[in-house]
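Enquirer: This is the structure I have questions about; it appears just below.
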Amino acid sequence: QDTKVIAVSIPAATHGWTGGVVYHAEAAAKEVKAAFPNIDVIVNTSPSAVAQVGVLEDLVATRKPDALVILPFTSEELTGPVQSVKEAGTFITVVDRGLTDETIQDLYVAGDNIAVGSTTAQFLLEELGKGDVVVLRGIPTVIDDERIQGFQDALEGSDIKILDIQYANWNRDDAFKVMQDFLAKYPKIDAVWANDDDMLLGVLEATQQAGRTDIKFALGANGMKEIIEKVMEGDEITPISTPYPPSMIKTAIYLTAANLNGQAPVRGKVILDAPRITKENAQEFYFPDSPF
Amino acid sequence: MMEAALEIRSAPPAETAELLRLTGAGKQYGPVTVLRDVNLSIHGGEIHAIIGENGAGKSTLMRLISGHIQPSFGTINYLGEDMAFHGPADAERRGIVLVHQEILLAEDLTVVENLFLGREVTRHGVIDDRTMEQIAIRQLAALGCTARPWQLVRELSIAQRQMVQIARGLLEEHRIVIFDEPTAVLTASEVDLLLDKIRALRDRGVAVLYISHRLDEVEALADRITVLRDGNMIGTYDAGSVTQQDMARLMVGRELSMLYPHKRGTSAADPLFEVEHLSVPGFVHEASFVARPGEVLGFGGMIGAGRTEIFEGILGLRPAKAAAIRVNGKPVQIRSVADGFEAGIGYLTEDRKGKGLLLRERLAPNLVLSALSWLYRKIYTDERIENAELNGAIRRYDIRVRSKKLEAGQLSGGNQQKLLLAKTMLQDPSIVIIDEPTRGIDIGNKSQIYSFIDELVRQGKACIVISSELQELVGLCDRVLVMKDGRITAELRNGDVTENAVVLAATVGSGAVGSREENARDRHHL
Amino acid sequence: MTDTTSELVSKESVFQRINWVDLGPFIALAVLVVVGYLINPDFLSPTNITNVVTRATFIGIIAVGATFVISSGCLDLSVGSMAAFAAGAMILFMNWLVPTWGANAIPAGIVFVLCVGALCGLVNGLVVTLGKIEPFIVTLGTMGVYRAFITFMSNGGSIPIDRSLREPFRPLYFGTVMGIPIPVLVCAAVAIVGSFILYKTKFGRRCAAVGANVEVARFSGISVGRIRTLAFVIQGICVAIAAICYVPRLGAATPTTGLLWELQVITAVVIGGTALRGGKGHIWGSLAGAVILEFIANLMVLSDFISEYLVAAVQGVIIIVAMLIQRFSRRS
Amino acid sequence: MTDTTSELVSKESVFQRINWVDLGPFIALAVLVVVGYLINPDFLSPTNITNVVTRATFIGIIAVGATFVISSGCLDLSVGSMAAFAAGAMILFMNWLVPTWGANAIPAGIVFVLCVGALCGLVNGLVVTLGKIEPFIVTLGTMGVYRAFITFMSNGGSIPIDRSLREPFRPLYFGTVMGIPIPVLVCAAVAIVGSFILYKTKFGRRCAAVGANVEVARFSGISVGRIRTLAFVIQGICVAIAAICYVPRLGAATPTTGLLWELQVITAVVIGGTALRGGKGHIWGSLAGAVILEFIANLMVLSDFISEYLVAAVQGVIIIVAMLIQRFSRRS
Ligand SMILES: Nc1ncnc2c1ncn2[C@@H]1O[C@H](COP(=O)(O)OP(=O)(O)OP(=O)(O)O)[C@@H](O)[C@H]1O
Ligand SMILES: Nc1ncnc2c1ncn2[C@@H]1O[C@H](COP(=O)(O)OP(=O)(O)OP(=O)(O)O)[C@@H](O)[C@H]1O
Ligand SMILES: [Mg+2]
Ligand SMILES: [Mg+2]
């Protein structure tokens, strides 16, 4: 009874960003265990929503965790299952994706996906004013949907026209291909937005190969370290990024541990902003050791 | 030669009701006509034999009648109506069933499931296994088949499969039942049972079409005989008016020489091949024997005696244990067929379709498949060499092919067998094991194969022949080992090799016939 | 001699009639349970076992259908996206009905989704049999099609069930009857009906025959196309049933629902003893296979010493080992 | 009669010597190109064609290996994750060498990755043949294993190639020789060697024989296990070659590298005319299949009227239609 258990349930490392989440979660687990000998942290990854629900069931059945830190696959699907966990008396910390029933969340740490889209759009409005953009989106999920939504809403009524949107599965390779095809299809593209930096790397490779000079901006999102490096160097094509730091899981775990330890009763919402990362503030968002 | 045909009177139409009439029927495959202008009338209550050389078109004719293929020319009139059957199932529904020359059973299903495939017995929509089992037991017992109803067909020997296939054809009452070489792999006693069954069918008014290369059977059974040669119909004859010699002459179109070569007599040379205490679990118990150069060693026995399994066991094709196997006095380790080739052992399987030939592959690749490693020194293949080998084999074994582009599955049954023989002999083995050497081979070619075996043995090779045909064992072999229930029960030599002696040893078992050295040693260990 | 034969026969047939006589997958399952217990005794706690078995029912129910398809010598890669599509269609239909019908929308939705499933299966079956195309390609194609449908229906987001339906629908996954979770009962019912059809009807016999040897089946007057199409339809209905249990569990359908289920389903069927090339199907084995897969995933959660990154590796190895156990126990 | 026969033969053999006589997949490809041109004339622009064909080479090279495996009657689902693992291992190895060896690390890395690929293939082959387990299960297992390895090696992130190697390595994907991109040349070389092995060597003959009928192969003295293992090794080497071309393209390996390639590869092989149950393999057909798949994906982006949500559906349908064209043209 002395040791308290924090269970962490996150998506499996299927692409860069989730890879970053897993990295920060594992790191946080190690550090918390070292810092608080009476707290045990168990990290579990799941490749799908169903699997994640399964993990929750397993945790409740076998570990009876005192707190749960969860980055849900999707809101609707995980709301019910997390509620069952809460009913067993567990402290619930939700990361990134809010549950449909907010009362379940004791603590909510999140980025803002809509802001990720709109911040980028805002930049284009300011710098470009008018022009044609193409967009690469990820895997059909709510995260992806919200980013696109934020982007589209911000551009509505402006002179910036979205020529095309295609899924590239948050995959560098697929983005490379889609970008090659965009380049073949549109003789003039003013800017590209890939809603994840992993994809942006593929996009850059494709534009570089094509040697096209019409593209003024190629932007991404999430603040991947390779892209932050570009921003720091003052790259012309990629002058900004938008953070959606996977390290938010670490924040959540720390806050939860603090709460369990009774050091500070932490409740409520922590919303991480999605400010523009520019050459000036890039250093704050740079984690050279993170895999993402 | 054609005069011979003229001497024999063509048969007058039988008196019973005509069931089926073919008029000008024929079949073309691409540019090749394999059957032309067949006029045939089949009556209820007759046994009508169809004979002809390999590739004469017998099976093709039967497939026409049973709806497996559609005629390219001519008409089929069945029960007074011109008919085009929509596949074999349609023909079967209308009362015509074909028991195929090749085994057509699903190996992964049981005997009962195969027997009742497509016509399962149900009660209130539920499969009635008990009833089907009872019927199956009755049918199999009536044919003397030892296969058990719930055994997987995969576990059955070829002969047992053939029996199951026959049982399947006899399961329901049909107006016309066609047997395409049903007896090629059966032993004498099974054949007798089957022939009785067929006569009973005739007596019930069923028309039986019967194909066989065993002319004695045809003589004993048939009411009328139709002869095909090279896709042409030579004529239909009253059985009473033709002798076996006449039949052979009509089929081949020339006088036949002696069927069997002169025997060589048992050899006293040092054994070329020795097997000691070979056991194949479930099939063969402690079998020991030797084969000497210069003699033909026969293996006789009833279906399921375990003859095939001995050799499959020796070649590592099924789990087996032996105290020793020696070739030329030297012990050899054989774990696979390839090791067997290495040691100079060639084995020709009885299951040419399932284990012998790649049916969808052309002839040349089939021919050289097991000889690749010595045929080509380099790693690459050469079609010229293969085609030369194929031409040689076609000449040597008289394989009748209309085009060398054919797939092996498109050859007639007998010609497949010859191709398989050629494939085995390409290894130039010093110990040749042939399981059912003349399965489906016509009378004219049989003598060729026999003289071929004789030639081999005279070159100092050893030849082991597993045969279910008693005459073949008697006519060809210098020494015969008879098996019963997985044990070698007798050894017969020279003059002792008679049909009676073989049957006696195969059914009664050991001690029935004189025992000599090897045999005595055998029994000692049993 | 005839006597001994018939004696033999009657003994065998009783033996053979128990068609789940193939114990291989069950032995593998038993081994896994023992290993699981050694790793973490909680593994065998009633709650855990109940959870895991209940979870296995989705794959289990679909695997029953897949046993038919695989037994008939085909393959269905579209089951995962078909499940997502069926779930999405069901939710949309119920949400549309709920203003007028109230909770009655649930039975109506169930009937609807069964039709949708059957129809999807029919499409697969007809394209395979009429187009004479490898089932692998056809169902890979329809996998994309059904996946696109759900993405389209959800606009790339998710399709949640109407709030008023959530509560009345919940018991279908979370409820129990005499302590047994309802999905488990549904799964058992599906398996019982499935094994009746596969082992006790003409269709089932012919299904296995078609898979064992197409030529022989054709010569026996079996309409190969019809049998295979029907097998696909059964698969579709099973997918629909799985969708019915799935919706109350997660309350929504998304474009990622059912992702990679096809691989799990096929694995369950093969571990269960049905050969991929067709032939005899083993329904109860397939269920055991589904439970094995879920137990493996469960073990990964319960054991502490596996790095998150290596979970997939350990799972892969365990699947191979389970298959080895299954094969080995069968041979002896 | 003998005369006419031999005449026939000599004519035929010339005809038969062209082993890519099966034009089905090429006709499907041609139809697709025409349709593509009608939809968007840019489709036939040299840059686009070059891009697409170059992209198709990964799947193409792997498909050459898969033709061996499938021809021998097996299946390899692990190719995608094996490619990712091989690419990751290669990069780590080269990065480790580069301080001492400099640019020579590249050839060393190439040799190394070929060994890694062959080894991975060997593992697959040995488990399949010695364990006597369905290749589907074995390679599903190793798919998880190799995927986990790359995830582990990259800590879930990415393994980028050393900056100093980037430039010297780049031409391997982006370079051209006489206007033809290097990956296309590599792919052609692989296919030429592959078709020599499959059609002109003893091993190739045996491979097809094993796939067509295992029993006949066994009775012909062919070591089925050895042939199949070798086919898997060839597959592994092809995967390694694909990885070599892949690394310079994006300069990194990530856990998402090669995701779902296995499905694309198998689809390419089947569209190319090789039957999934084994038998004769069609290497050039497999290449055509790979190009077809890439063209379809390309068309989806180039055409304007398809909602991004429905891309997968249209792709699925086109794949089925391509298969229909292929079958149809073959029959006539
Ligand atoms: N599908 C086919 N395509 C081309 N030729 C064929 C095909 N089927 C059979 N043939 C040819 O038709 C001829 C007659 O074959 P058929 O099987 O009728 O002979 P058969 O009289 O039954 O001979 P056997 O006694 O050897 O069984 C053979 O030359 C054979 O090669
Ligand atoms: N699964 C089995 N278990 C036990 N006995 C079996 C099994 N399968 C077959 N048998 C029996 O083993 C023997 C096998 O002999 P098989 O029929 O192959 O020998 P054979 O002498 O070569 O006969 P054939 O003339 O049919 O080739 C038979 O008695 C058969 O009934
Ligand atoms: Mg014939
Ligand atoms: Mg035999």
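Enquirer: Return an integer: the convex hull volume of the alpha-carbon atoms of the stretch B:2-253, in Å³ per residue.
Expert: Each residue corresponds to 132 Å³ of Cα convex hull volume.
Enquirer: Let me ask another. With charges only on Cβ, +1 for K and R and -1 for D and E, what is the dipole size of the stretch A:227-292 about its Cα centre, in debye, rounded to 20?
Expert: 480 debye
Enquirer: Using just the alpha carbons, could you tell me how many Å³ per residue the convex hull of the stretch B:100-239 encloses?
Expert: 125 Å³
Enquirer: Right, here's the next one. Considering only protein heavy atoms, with the full assembly of protein chains and a 1.4 angstrom probe, order B:119, B:395 by accessible area, largest first.
Expert: Putting B:119, B:395 in descending order of accessible area: B:395, B:119.
Enquirer: Continuing with the same structure: Run a plain Debye calculation on the stretch D:134-245 (Cα atoms as equal point scatterers, no solvent) and give log10 I(q)/I(0) at q = 0.12, 0.21, 0.24 Å⁻¹, rounded to two decimals, same order as the q list.
Expert: Once normalised to I(0) and log-transformed, intensities are -0.67, -1.16, -1.27.
Enquirer: Net charge near residue C:130, counting Lys/Arg +1 and Asp/Glu -1 over other residues with Cβ under 12 Å of its Cβ?
Expert: +4
Enquirer: Looking for one value pair here: nearest-to-axis residue in chain C (by Cβ) for the rotation onto D, and the distance in whole angstrom.
Expert: C:277, 3
Enquirer: According to the square roots a ≥ b ≥ c of the eigenvalues of the Cα gyration tensor, what is the shape class of chain D, taking rounded for a/c under 1.5, prolate for a/b larger than b/c otherwise, and oblate for the remainder? Walk me through the numbers before you get to the answer.
Expert: Working: a/c = 1.69, a/b = 1.19, b/c = 1.41.
Here chain D falls in the oblate category.
Enquirer: Continuing with this model, one more query. With both partners inside the stretch B:2-253, how many of the DSSP beta bridges are antiparallel, as a percent to the nearest 5?
Expert: Bridges in the stretch B:2-253 are about 55 percent antiparallel.
Enquirer: What FRET efficiency do you get for residue B:28 and residue D:37 if R0 is 60 Å and r is their Cβ-Cβ distance, rounded to the nearest 0.05?
Expert: 0.90
Enquirer: Over the whole of C:209-219, what's the average partner chain Cβ count within 10 Å per residue? Rounded to a whole number, please. Write out the running numbers ahead of the final one.
Expert: On the way: counts 8, 2, 3, 10, 9, 1, 2, 10, 4, 6, 11.
Taking the mean over all residues of the peptide, I get 6.
Enquirer: Which order do you get for B:214, B:249 if you rank them by accessible area with a 1.4 Å probe, largest at the top? Don't skip to the end; give the middle numbers.
Expert: Numbers: B:214 25, B:249 45 Å².
Per-residue accessible area, sorted high to low, gives B:249, B:214.
Enquirer: Ordered shortest first, which distances in nm separate the 7 Å Cα→C-beta label point of residue D:174 from those of the other copies?
Expert: Nearest to farthest, the other copies are at 5.5 nm.
Enquirer: Given label points at 7 Å from Cα along Cα→Cβ, what nm distances, shortest first, separate residue D:30 from the same residue in every other copy?
Expert: Inter-copy label distances (nm, one decimal, shortest first): 6.2.
Enquirer: Rounded to two decimals, what is Rg over Rh for the stretch A:142-260 when you use alpha-carbon atoms and the Kirkwood radius?
Expert: My calculation puts Rg/Rh at 1.04.
Enquirer: Report, in order of residue number, the helices in chain D meeting two criteria: a C-alpha extent of 18 Å or more along the helix axis, and a mean Kyte-Doolittle hydropathy of at least -1.0; treat each whole DSSP H run as one helix.
Expert: Both cut-offs are met by D:2-17, D:24-39, D:46-71, D:79-101, D:105-131, D:135-153, D:182-200, D:224-250, D:283-302, D:311-331.
Enquirer: Which is farthest toward the positive dipole end of the protein assembly as shown among D:239, A:62, C:119, measuring Cα position about the Cα centre, with Cβ charges +1 (Lys, Arg) and -1 (Asp, Glu)?
Expert: Farthest along the dipole direction, towards plus: D:239.
Enquirer: When Lys and Arg each count +1 and Asp and Glu each count -1, what net charge do the other residues less than 11 Å away from residue A:106, Cβ to Cβ, add up to?
Expert: +2
Enquirer: Would you please give the FRET efficiency between residue D:122 and residue B:216, computed as 1/(1 + (r/R0)^6) with r the Cβ-Cβ distance and R0 = 51 Å, to the nearest 0.05?
Expert: With R0 = 51 Å, the Cβ-Cβ based efficiency is 0.30.
Enquirer: Keeping all protein chains in position, work out how much accessible area residue B:246 exposes to a 1.4 Å probe, and write it in Å² to the nearest 10.
Expert: Rounded to the nearest 10, the figure is 20 Å².
Enquirer: Considering only protein heavy atoms, what is the solvent-accessible area of residue A:278 at a probe of 1.4 Å, reported in Å² to the nearest 10?
Expert: 40 Å²
Enquirer: Other chains near C:272-279: what is the mean number of their Cβ atoms within 10 Å of each residue's Cβ? Please report the intermediate quantities before stating the final value.
Expert: On the way: counts 0, 0, 1, 2, 7, 6, 2, 4.
The per-residue average across the peptide is 3.
Enquirer: May I pose another question? Rounded to the nearest 0.05, what FRET efficiency is calculated for residue B:173 and residue B:130 with R0 set to 25 Å and r the Cβ-Cβ distance?
Expert: Step by step, r from the Cβ atoms, then E = 0.70.
Enquirer: Further question: Between residue B:200 and residue B:141, how many nm apart are label points set 7 Å from Cα along the C-beta direction?
Expert: 1.2 nm
Enquirer: Same structure, new question: Ranked highest first by the average count of other Cβ atoms within 10 Å around their residues, in what order do C:127-135, B:411-419 fall?
Expert: The most tightly packed comes first, giving B:411-419, C:127-135.
Enquirer: In degrees between 0 and 90, to the nearest 10, how far off the longest principal axis of chain B does helix B:413-425 point, with axes built from Cα atoms?
Expert: It is inclined by approximately 20 degrees.
Enquirer: What's the magnitude of the charge dipole for chain A around its Cα centre, counting Lys and Arg as +1 and Asp and Glu as -1 at the beta-carbon? Answer in Debye, nearest 20.
Expert: Magnitude of the dipole: close to 380 debye.
Enquirer: What does the charge dipole of the stretch B:2-253 about its Cα centre add up to, to the nearest 20 debye, if the Cβ of each Lys and Arg holds +1 and the Cβ of each Asp and Glu holds -1?
Expert: Details: 25 positive and 35 negative charges, 63 e Å.
Its charge dipole is roughly 300 debye.
Enquirer: Between rounded, prolate and oblate, where does chain A land on the alpha carbon gyration tensor, with a ≥ b ≥ c its root eigenvalues, rounded for a/c under 1.5, else prolate if a/b exceeds b/c?
Expert: Numbers: a/c = 2.29, a/b = 2.05, b/c = 1.12.
Because a/c hits 1.5 or more and a/b exceeds b/c, chain A counts as prolate.
Enquirer: Could you pull the accessible area for residue B:126 with a 1.4 Å probe, rounded to 10 Å²?
Expert: 40 Å²
Enquirer: Next question. Run the helix sum for chain B: -39,500 (n - 2.57) per DSSP H stretch of 4+ residues, divided by residue count, reported at 222 nm to the nearest 500 deg cm²/dmol.
Expert: Roughly -9500 deg cm²/dmol at 222 nm, from the helical runs in chain B.
Enquirer: At what distance in nm do the modelled label points of residue B:388 and residue D:305 sit from each other, each positioned 7 Å from its Cα along Cα→Cβ?
Expert: Between residue B:388 and residue D:305, the label points sit 6.2 nm apart.
Enquirer: Ignoring any ligand, DNA or RNA, what whole percent of the accessible area of the protein assembly as shown comes from carbon and sulfur when the probe is 1.4 angstrom? Spell out each step's value before the answer.
Expert: Values: 31300 of 53240 Å².
Carbon and sulfur together cover 59 percent of it.
Enquirer: Return P(r) of the protein assembly as shown (all Cα-Cα pairs; 10 Å bins starting at 0; whole %; ordered from short to long distances).
Expert: Over the protein assembly as shown, the share of Cα pairs per 10 Å bin runs 1, 8, 14, 19, 18, 14, 10, 8, 5, 2, 0, 0 percent.
Enquirer: Calculate the mean, over all residues of peptide D:297-307, of how many other protein chain Cβ atoms lie within 10 angstrom of the residue's Cβ.
Expert: Counting Cβ atoms of other protein chains within 10 Å of each residue's Cβ and averaging gives 4.
Enquirer: Within the set of other residues whose C-beta is less than 12 Å from the C-beta of residue B:126, count the net charge using Lys and Arg as +1 and Asp and Glu as -1.
Expert: On the way: positive: B:123, B:130, C:200, C:202, C:205; negative: B:120, B:128, B:129.
With Lys, Arg at +1 and Asp, Glu at -1, the net is +2.
Enquirer: Which value, in square angstrom to the nearest 100, describes the accessible area buried between chains C and D on both sides, using a 1.4 angstrom probe?
Expert: Accessible area lost upon association: around 3400 Å².
Enquirer: Restricting to bridges with both residues inside the protein assembly as shown, how much of the DSSP beta-bridge set is antiparallel, in percent to the nearest 5?
Expert: In the protein assembly as shown, DSSP labels about 40 percent of beta bridges as antiparallel.
Enquirer: Further question on the same structure: At a 1.4 Å probe, which residues in the stretch A:169-192 are at least 20 Å² less accessible with all protein chains present than in their chain isolated?
Expert: A:171, A:172, A:173, A:176, A:177, A:180, A:181, A:184, A:185
Enquirer: Identify, among C:201, C:34, C:24, the residue whose Cα sits farthest towards the positive end of the charge dipole of chain C, taking +1 on the Cβ of Lys and Arg and -1 on the Cβ of Asp and Glu, with the dipole about the Cα centre.
Expert: C:201
Enquirer: Label position 7 Å from Cα toward Cβ: report the copy-to-copy distances for residue C:130 in nm, one decimal, ordered from shortest.
Expert: 5.0
Enquirer: Using a 1.4 Å probe and counting only protein heavy atoms, arrange D:122, C:263 so the residue with the most accessible area comes first. Please report the intermediate quantities before stating the final value.
Expert: Working: D:122 65, C:263 25 Å².
Largest accessible area first, the list is D:122, C:263.
Enquirer: Considering only C-alpha atoms, what is the centroid distance from the stretch D:207-221 to the stretch A:187-251, in Å?
Expert: Value for the Cα centre distance between the two parts: 54 Å.
Enquirer: In what sequence, highest mean first, do B:195-205, A:185-195, C:232-242 appear when ranked by Cβ atoms within 10 angstrom?
Expert: Ranked from most to least packed, the peptides come out as C:232-242, A:185-195, B:195-205.
Enquirer: Sticking with this structure for a sec: Using only helices, what value at 222 nm comes out for chain D when you add -39,500 (n - 2.57) per DSSP H run of length 4 or more and divide by the total residues, to the nearest 500 deg cm²/dmol?
Expert: Mean residue ellipticity at 222 nm (helix-derived): -25500 deg cm²/dmol.
The values are calculated or read from the model by the stated rules, or taken from the named source; none is laboratory data. Note that the coordinates shown come from a computational prediction; the quantities given were computed from them, not determined experimentally. Neighbour counts run over all protein chains shown; Cβ positions are idealised from the backbone, glycine included. The area values use the complete protein model at the heavy-atom level, side chains included, leaving out ligands, DNA and RNA. Shrake-Rupley method; radii C 1.70, N 1.55, O 1.52, S 1.80 Å.
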